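Peer 1: Here it is: the structure, laid out below.
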Amino acid sequence: MKTEIKLIKGDITTMTVDAIVNAANSSLLGGGGVDGAIHRKGGPQILEECKVIRNRQGKCKTGDAVYTSAGLLPAKYVIHTVGPIWMMGKNKETELLASCYRKSLEIADSLLVKSIAFPNISTGVYHFPKTEAAQIAIDIVKEFIDNNNKNIEEVIFVCFDDENYRIYENILAE
Ligand code: ADP
């Protein structure tokens, strides 16, 4: 299967795709940034499902992912992944960010998702350097498409800020 990688600038909550990925925090109980936007626009259903997951397994570990329905959003699923907080590269941040993308893709593929949209995980209040984060995101998506993918036909990187958009544009053009 030929899987397409696309880049857009915009708000991930508006995306009509099978799954959107949320840059959640380990509490799974909501936060600011993209997480806040998803819960605000998706309505209380998403948080209710997150609470059920928390009661079952406790917090979500950094680098891990879980999924819920997407409430009032046009997507079918929200895949919540917990990105690493940037600690000057001393805390396995690179591996953990790669794990976020890999686990999210694994969950999506297992849900028979055909289209998935990613935000720029960890590049907001978690301060992961944007160029390095984009390179990891693109590398892991390409690796997954080439080696593990069964069902995903479209992966969309949704950049909210101009800087991330330009960085992705440059790397994808290489
Ligand atoms: P983190 O804690 O993982 O850094 P943030 O939500 O603070 O998460 O930021 C992650 C990225 O999400 C940032 O690049 C930010 O610009 C972006 N972002 C914020 N709101 C939205 C949105 N509605 N849609 C897509 N991306 C968003």
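Peer 1: Relative contact order of the chain: what whole-number percent is it, with Cα pairs under 8 angstrom and at least 6 residues apart?
Peer 2: With pairs under 8 Å counted, the relative contact order is 31 percent.
Peer 1: So, one more: Just to be sure I follow the definition: excluding the sites themselves, where is the longest run in the chain that has none of the trypsin sites (Lys or Arg not before Pro) in a DSSP loop with at most 10 other Cβ atoms within 10 Å?
Peer 2: Result for the longest clean stretch: 3-89.
Peer 1: Express the carbon and sulfur contribution to the solvent-accessible surface of the range 4-173 as a percent, rounded to the nearest whole number, probe 1.4 angstrom.
Peer 2: It is 51 percent, rounded to a whole number.
Peer 1: Here's something else I'd like to know. For the chain, what does the alpha-carbon gyration tensor say about shape, rounded, prolate or oblate, given a ≥ b ≥ c as the root eigenvalues, a/c under 1.5 as rounded, and a/b over b/c as prolate?
Peer 2: Because its axes are fairly even, with a/c under 1.5, the chain counts as rounded.
Peer 1: Full extension from ILE8 to LEU29: what is 0.36 nm times the residue separation minus their Cα-Cα distance, to one decimal in nm?
Peer 2: 4.8 nm
Peer 1: Roll a 1.4 Å probe over the protein chains and send me the accessible area per residue for the chain in Å².
Peer 2: Averaged over the residues of the chain, the accessible area is 49 Å².
Peer 1: With a 10 Å cut-off between alpha carbons and a GNM built on the chain, which of ASN22, ASN120, ASN91 moves the most?
Peer 2: Of ASN22, ASN120, ASN91, the Gaussian network model singles out ASN91 as fluctuating most.
The values are calculated or read from the model by the stated rules, or taken from the named source; none is laboratory data. As the structure is a computational prediction, the values presented were derived from the model and not from experiment. Cβ coordinates were reconstructed from backbone atoms using ideal geometry, including for glycine residues, and neighbour counts include every protein chain displayed. These accessible areas exclude ligands, DNA and RNA; they are computed on the full protein's heavy atoms, side chains included. Shrake-Rupley method; radii C 1.70, N 1.55, O 1.52, S 1.80 Å.
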